[in-house]
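The values are calculated or read from the model by the stated rules, or taken from the named source; none is laboratory data. Since we're looking at a predicted model, the values are computed, not measured. All Cβ positions, glycine included, derive from the backbone under ideal geometry; neighbour counts span all protein chains shown.
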């Protein structure tokens, strides 16, 4: 193993889990074992919550302008350790190095936003009657938990860490057991930045710890990012225990390509969207709706897809099981009559024969009722469906149960607006293949892509990570007695 066995991080120290059970951490790049991750028990979670509860009074009472100083230093440390952090993401997730760098850069942007929170949570004050003032303040919740997925080992933890903690909460982080190494390094950097012990804690494990987090009476709020199936379970279980919950699920993002779209720009964006991060992102283009005569653009998409080479500018998928599942979708579509224009099955990388790679795949003449058209594949695969009209394309997009993202490629501003108004998704792109909002705009979808109110990043996250306290004061006796009394 390249790294020693991992431990939990509780009260500023790395400590062994209370069980001997563990899982191997395997690099998708070449199949080598990087480390082992413990499968913690409820006692380990209890210890983490106890440490967080003990740290909460002092941390929450610090003025927010003092709390964010930690994140100014944390931002600097992310920048200073960019190369190391990116290589760690690449090793455990399988991304290309450039994709891993971009992920750390996004972590830095998220931290920058947290540093601006003192200007965004100033509250309000108003003299509502002579000598009587009403005031609002954003107050931290207490101990909160963040459950994160494998596809972004650095960025998704940083969707929650800077905002939740800068707003005065103490956190329990549960990393994906497939990619736990990056969270360990983030904990070390937070401590180096001056974060007090107990404010940030890591409890490793599998679904048993997720259940324990949802049930734990000492945890006030839970955020989750992962599949829709699990997001529903987490949301239902956490809220049934009277916690706040925000659970982000899967996606099936539709790109609508119109005949007047710029061919080169469209082809480059579509190919990059379907293959970036090996398609393992909830904002990836997974379904394309070709409206009218766009064969010339589809040809160019295939040309661009063939430039994407596994092991060079295309990373690995997370595991052998994922590779087999993705390739089974392609085979099923072919048997059902779809046409494979670019086939990524059986991809091998010389010298990394045990790596788990799937090449870029373009499937044409897909019917809306096929599995590749309806289900989240989470691989570098795009399914092309054909319609004659924009309204038919919108009907396909609207019928899909998810609602993370949708995009349209056109040079017609009126048609773009028409689609923006009618697409059933929380994030819309015009001539953009991956319409992720930049800070301070928040990230979050609709329908079965999100369960809960608000978004996980940006300004919207303030409402999730705090509660509003309202106070009314009267100091002058001469104000008299009125209905406000």
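Brief remarks follow.
- Criterion: within 24 Å of the chain's Cα centre (by Cα) and part of a helix (DSSP H, G or I) - qualifying residue of 34, 45, 29, 23: 45
- Of the strands (runs of 3 or more DSSP E) entirely within the stretch 111-163, those holding at least 1 residues that are closer than 21 Å to residue 64 by Cβ and modelled with pLDDT of 95 or more occupy 132-140, 143-147.
- Within the stretch 303-323, considering residues that are surrounded by fewer than 16 Cβ atoms within 10 Å (Cβ to Cβ) and in a helix (DSSP H, G or I), the one farthest from the chain's Cα centre (by Cα): 303
- Residue in the stretch 348-363 that is surrounded by 24 or more Cβ atoms within 10 Å (Cβ to Cβ), assigned to a helix (DSSP H, G or I) and modelled with pLDDT of 95 or more present: no
- Number of positions in the stretch 12-58 that are touching a helix residue (DSSP H, G or I) at 6+ places or on another chain (Cβ under 7 Å) and more than 30 Å from residue 358 (Cβ to Cβ): 6
- Verdict on residue 230 being surrounded by 19 or more Cβ atoms within 10 Å (Cβ to Cβ), within 20 Å of the chain's Cα centre (by Cα), assigned by TED's automatic domain parsing to the domain that holds residue 35 and more than 30 Å from residue 410 (Cα to Cα): no
- Qualifying residue in the stretch 182-197 (condition: within 25 Å of residue 94 (Cα to Cα), surrounded by fewer than 19 Cβ atoms within 10 Å (Cβ to Cβ), within 19 Å of the chain's Cα centre (by Cα) and touching a residue at least 12 places away in the same chain (Cβ under 8 Å)): yes
- For residue 73, the stated conditions hold: it is part of a helix (DSSP H, G or I), in contact (Cβ under 8 Å) with a residue 60 or more places away in the chain and surrounded by fewer than 20 Cβ atoms within 10 Å (Cβ to Cβ).
- The sole residue among 271, 287 that is surrounded by 23 or more Cβ atoms within 10 Å (Cβ to Cβ), under 22 Å from residue 388 (Cα atoms), in contact with a helix residue (DSSP H, G or I) (Cβ under 7 Å, 6 or more places away or on another chain) and modelled with pLDDT of 95 or more is 287.
- Residues located in the stretch 369-392, provided they are within 22 Å of residue 300 (Cβ to Cβ), part of a helix (DSSP H, G or I) and more than 27 Å from the chain's Cα centre (by Cα): 390
- Residue-level check: of (1) out of contact with any helix residue (DSSP H, G or I) (no Cβ under 7 Å at 6 or more places or on another chain); (2) assigned by TED's automatic domain parsing to the domain that holds residue 412, residue 242 misses just (2).
- Restricting the stretch 278-300 to residues that are assigned to a helix (DSSP H, G or I) and under 16 Å from residue 315 (Cβ atoms), the residue that is farthest from the chain's Cα centre (by Cα): 278
- Taken over the stretch 80-100, the criterion of being assigned to a helix (DSSP H, G or I), more than 16 Å from the chain's Cα centre (by Cα) and over 11 Å from residue 189 (Cβ atoms) is satisfied by 82, 83, 86, 87, 88, 90, 91, 92, 97, 98.
- Out of 425, 406, sole residue that is in a strand (DSSP E or B) and in the same structural domain as residue 286 (by TED's automatic domain parsing): 406
- Flag if residue 337 is in contact (Cβ under 8 Å) with a residue 12 or more places away in the chain, on the phi > 0 side of the Ramachandran plot, assigned by TED's automatic domain parsing to the domain that holds residue 390 and not in a helix (DSSP H, G or I): yes
- Of all residue pairs spaced 6 or more apart or on separate chains, none has beta-carbon atoms under 9 Å together with a first member in the stretch 250-261 that is under 11 Å from residue 415 (Cα atoms) and a second member that is modelled with pLDDT under 95.
- Residue in the stretch 428-454 that is surrounded by the most Cβ atoms within 10 Å (Cβ to Cβ), counting only those that are in a loop (DSSP other than H, G, I, E, B) and without any contact (Cβ under 8 Å) to a residue 24 or more places away in the chain: 442
- Evaluation of residue 398 against (1) closer than 23 Å to residue 283 by Cβ; (2) outside the structural domain of residue 139 (by TED's automatic domain parsing); (3) in contact with a strand residue (DSSP E or B) (Cβ under 9 Å, 6 or more places away or on another chain) (one fails), failing number: (3)
- Pairs with Cβ under 8 Å, 6+ apart, first in the stretch 89-103 and without any contact (Cβ under 8 Å) to a residue 12 or more places away in the chain, second part of a helix (DSSP H, G or I): 97/86; 97/87; 97/90
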